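One structure is given here, and the rest of the page talks about it.
What follows is calculated from the coordinates using simple rules that are stated; it is not laboratory data. Values in this document were obtained by computation on a predicted structure and should not be read as measured data. Because the Cβ atoms are built from the backbone with ideal geometry, glycine has one as well, and the counts that use them run over all protein chains shown.
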């Protein structure tokens, strides 16, 4: 937590906010970590919660005590669990996670019984039926979803994680669906999550400025 506050203090004027995951584990830890980091920016509590409707309602009710801007849940929890998250969200936005970026093509087909694109489409439909404010998905699928006929009037907001700038190479990368930052922006991502490229940098502010420059160039190209 001390290191998180140090990084947040350093970067607070350069980013939308901060994603916390393992710092949020446990009922009380979620609101405590959020409360401590709120002075430095918006908070995305990325727990990807996967549980039944009653447990979902209880967990969301506890997490919103810290008033995070965004909370992630698993779309594969089902429509009823998604609805419970939305009903109990308070002022927080609920984003449903479709397919995790750490699964490879074979794992996706074995676990979900279909191709990555097919299952992302199905889980996006579930998520919107449950009333979520947005979804998370692999960056490769953003353009497909944004251009899909049935979502064009839905104001679909998408978070993309496993993002790296074109000039950065990660060691021991555990993500199978990583995407270059400029491609994520051009595909239509509304938010991007960049982690180790900044956290492991000797100069986090320099890393953030490099990323901002790449975002600006990608937006200019897209327009």
(message) Test of understanding: what is the full-extension gain from residue 61 to residue 122, defined as 0.36 nm times their sequence separation minus their Cα-Cα distance?
(response) 19.3 nm
(request) Rank the residues 141, 107, 214 as a footprinting-exposure proxy: fewest other Cβ atoms within 10 Å of their Cβ go first. (result) 107, 214, 141
(request) Give the value in nm², to one decimal: projected area of the alpha carbon convex hull of region 2-222, averaged over all directions. (result) 12.0 nm²
(message) Within a 10 angstrom radius of the beta carbon, how do 112, 3 rank from fewest other beta carbons to most?
(response) 3, 112
(message) Can you show me the helix-derived [θ] at 222 nm for the chain, built from DSSP H runs with n ≥ 4 at -39,500 (n - 2.57) apiece and divided by the number of residues, rounded to the nearest 500.
(response) -13000 deg cm²/dmol
